[in-house]
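Report on the structure given below.
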Amino acid sequence: MNKHILAFRVIDFRDRFPKPFDTFTQALEALQNPKVYMPECGGIICYLKNRQEIIIPRSFFIESTPRFKDEQEAKNWLIERNQVLESSPGKSEVLAIGFDCLDFTRPLTEQVEEALLQTDDEIVGEDKNEKVAKITAQYLDEKISDIIHEEGKRMRHYTKETDDKVGALTCAKCHKKVTHDSDCYEFDEFISISHHCGYTSIFEDKAKLTLDLCQRCFKEVCGEYMKLNGKPTTATEIDD
Ligand SMILES: [Zn+2]
């Protein structure tokens, strides 16, 4: 599981699950419990350790089938229903037999359009949990990577804003200074290290260590030690 994930929360119609679950599959299984009232209206939220949350797309675990297979079927059903409604004295009561959102006093073409959007929703069967969990994990990995990337950028802005109002980054080695406005590409490629030292640090107990390097200086200094896409590389293999 992605290390940034804290927990999962199930939201059901009657909010029966105030306690979080450790994994997505546990959350999904909770929603599949036959005691859950209208599971197809439920939702699953992923909480991240940085306090942000990601709503899992319901389409991952809710299967929707159109109520009507085509326009003709919808039209036939509506005509029949509308006849019942028009001949009935207590129209509002009979309305309950159909989709109450489909107002029978509106033009039939509009009713048909709306009826075609109606779906019968059902929570996936447990046999699909493994597949659903896999899709969800992929989705979360992508979302989290975006969030972490954005957060990294924001943090760099923030660190610099404290000592430089324009949010500039200065390379510690070549002293090149860039702002996001002057060269956003170079700015985004700056590599900033911020590390809180512990008690056993060789630098200083509980010290805060920071370093900003432009991408070229980083390559010069760390190129031969760094990994690129997880693979060791040498500085000479990287093009400028
Ligand atoms: Zn530099």
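Quick note: the coordinates plus some simple rules give every number you see, no bench work behind them. Keep in mind the model is a prediction, meaning the values are calculated, not measured. With ideal geometry, Cβ positions are generated from the backbone for all residues, glycine too; neighbour counts draw on all protein chains shown.
Can you list the aspartates and glutamates whose alpha carbon sits under 13 Å from that of K227, skipping same-chain ones fewer than 8 residues off?
E237
Using the number of other C-beta atoms within 10 angstrom as an exposure proxy, rank C171, C214, C222 with the fewest first.
Working: C171 20, C214 23, C222 13.
With the sparsest Cβ surroundings first, the list reads C222, C171, C214.
Can you sort I193, I44 from fewest to most other Cβ atoms within 10 Å of each residue's own Cβ? List each step's numbers first, then the result.
On the way: I193 12, I44 24.
Ascending Cβ contact count within 10 Å gives the list I193, I44.
Along each of the three principal axes of the Cα atoms of segment 164-237, give the extent in whole Å, ordering the values from largest to smallest.
40, 37, 20
Which of the residue pairs K69/K143; K128/K231; K3/K35; K49/K131; K143/K176; K75/K131 have a Cα-Cα distance greater than 30 Å in the structure shown?
Details: K69/K143 35 Å; K128/K231 35 Å; K3/K35 32 Å; K49/K131 25 Å; K143/K176 33 Å; K75/K131 37 Å.
From the list (K69/K143; K128/K231; K3/K35; K49/K131; K143/K176; K75/K131), the Cα-Cα distance tops 30 Å for K69/K143; K128/K231; K3/K35; K143/K176; K75/K131.
Give me the number: length gained by fully extending E86 to D70, i.e. 0.36 nm times residue separation minus the C-alpha to C-alpha distance, one decimal in nm.
Details: separation 16, 0.36 × 16 = 5.76 nm, distance 2.43 nm.
My answer for the length gained is 3.3 nm.
Starting from 0.36 nm per residue, how many nanometres of slack lie between D120 and D146 once their C-alpha separation is accounted for?
6.0 nm
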